[in-house]
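Okay, structure first, notes after.
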Amino acid sequence: MRAMFRPLSLFVGLRYTGAKRSNHFISFISLVSMIGLTLGVAVLILVLSVMNGFDRELRQRILGMVPHATISQYRGEIDDWSGLIQQINSYPAIEGSAPYIDAQGMLTSRGVVRGVLVNGIEPEYEGAISIIKDHMTRGRLENLKSGEFGIILGDILARSLGAFEGDKVTLVLPEASISVAGVFPRLKRFTVVGTFKVGAELDANIAYIHINDAAKIKRIKDGVQGVRLKFDNLFDAPQGVRQIAGDLGENFRTSDWTRTHGNLFQAIQLEKKMIGLLLFIIVAVAAFNIVSTLVMVVTDKRSDIAILRTMGASSGTIMRTFIVQGGFIGVIGTLAGTLLGILLALTVTDLVAWVEQLFNIQFLSAEVYFISYLPSELRWPDVTTICLSSLVLSLLATIYPAYRASQTQPAEALRYE
């Protein structure tokens, strides 16, 4: 008898899920529960993929343009920087290193003034630590030549100044020059030899010049300010750079990306966790809507349950019948939500770009946000976790109504039939 009723649980449970004569409303409630679960799972996959995309862009673009770590001296400049670079590159964790001289100031062109961080670089070494070579829109990094006072601007900075390849810009440094005519700010004319675009806030506030030109405007006779480092694993940078500086001597100081962009990275991680938790609660609510659906079905089918019991169906058979119905809603809703979420996660970047182009709007401006487009990265471990969690919640939601159905007494249910 038990073997006979095991297929019956599956058959009856699936029949209860569909519409049949008088129970159209219950079928509608089942559909609503399924749609709610589908949307909850899809949105959770989509949002986590977008947060993963922001995390990826921070690592690849922002931290691809800024150094993972820097080493400089407490007193004076580093004279033998080429020997220091060779020594640093001997460490297994180091992917590359390059010298630098930085200067903060203002760029002016055609009456427009913009604040800027000027990086004095050695083009031959810069490719080892930066992705700028791969994001040049005009010119080349090699166009920076010693003594020619060329400058490479970020795309947003160049457009705001109205200065492009071949144009002249003036760099104003926050230092005074004293002459017989009085005190004047230090100025230097540069020729734009290229522009770059990484689609981030760096496009609006960074410029590159040759390191020897930077030494002249900073009045550094010999040496460089420091050395930039790139690690194989950026999370090794804080501890790794301190270890290297300790090996070099007491006169060396360090900085790393966690001091300059660590708060941004931590904010993204925190937002991902909190948004994931909130959306998971939405999925849980959608899953537990199955409870109300099954309770209504049990109430509506009391006479059917009683008839099955009088025909020999055990309480376990009845319980499995309603677990099948709730499980069917959960499985279909989860699978549909997963497929929809994967589709959206893979296409959301292009969809948002299409909407921006269609309506001539921009949701993310690089002048406000650290990137100028909506990124997305689908990670299969996230998809697996969401699917399993949704299925488990759906299964748990069926247990109580199914148990109540299995406790239905035939005589009590048929008393008023």
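The numbers here are math on the coordinates, done by the rules we state, and not lab data. All figures in this text were calculated on a predicted structure; none of them were measured in a lab. Here the Cβ positions follow ideal geometry from the backbone for every residue, glycine too, while neighbour counts run over all protein chains shown.
Some notes on this structure:
- Computed from the Cα positions only, the extents of the range 67-260 along the three principal axes stand at 48, 42, 28 Å, in decreasing order.
- Fewest-first ranking of 319, 106, 274, using other Cβ atoms within 10 Å as the exposure measure: 274, 106, 319
- Each of 85, 29, 361 has some number of other Cβ atoms within 10 Å of its Cβ, and from fewest to most they run 361, 29, 85.
- For a paramagnetic label modelled on residue 159 (point 7 Å from Cα along Cα→Cβ), amide N atoms under 15 Å away belong, within the range 190-204, to 195-204.
- Modelled spin-label separation between residue 93 and residue 106, with each label point placed 7 Å from Cα along the Cα-to-Cβ direction: 4.2 nm.
- If the segment from residue 295 to residue 269 were pulled out straight at 0.36 nm per residue, it would be longer than the present Cα-Cα gap by 5.4 nm.
- Exposure proxy ranking, count of Cβ atoms within 10 Å, fewest first, for 324, 227: 324, 227
- If the segment from residue 82 to residue 380 were pulled out straight at 0.36 nm per residue, it would be longer than the present Cα-Cα gap by 102.9 nm.
- FRET efficiency for the residue 189 to residue 404 pair, using the beta carbon distance and R₀ = 60 Å, is estimated at 0.10.
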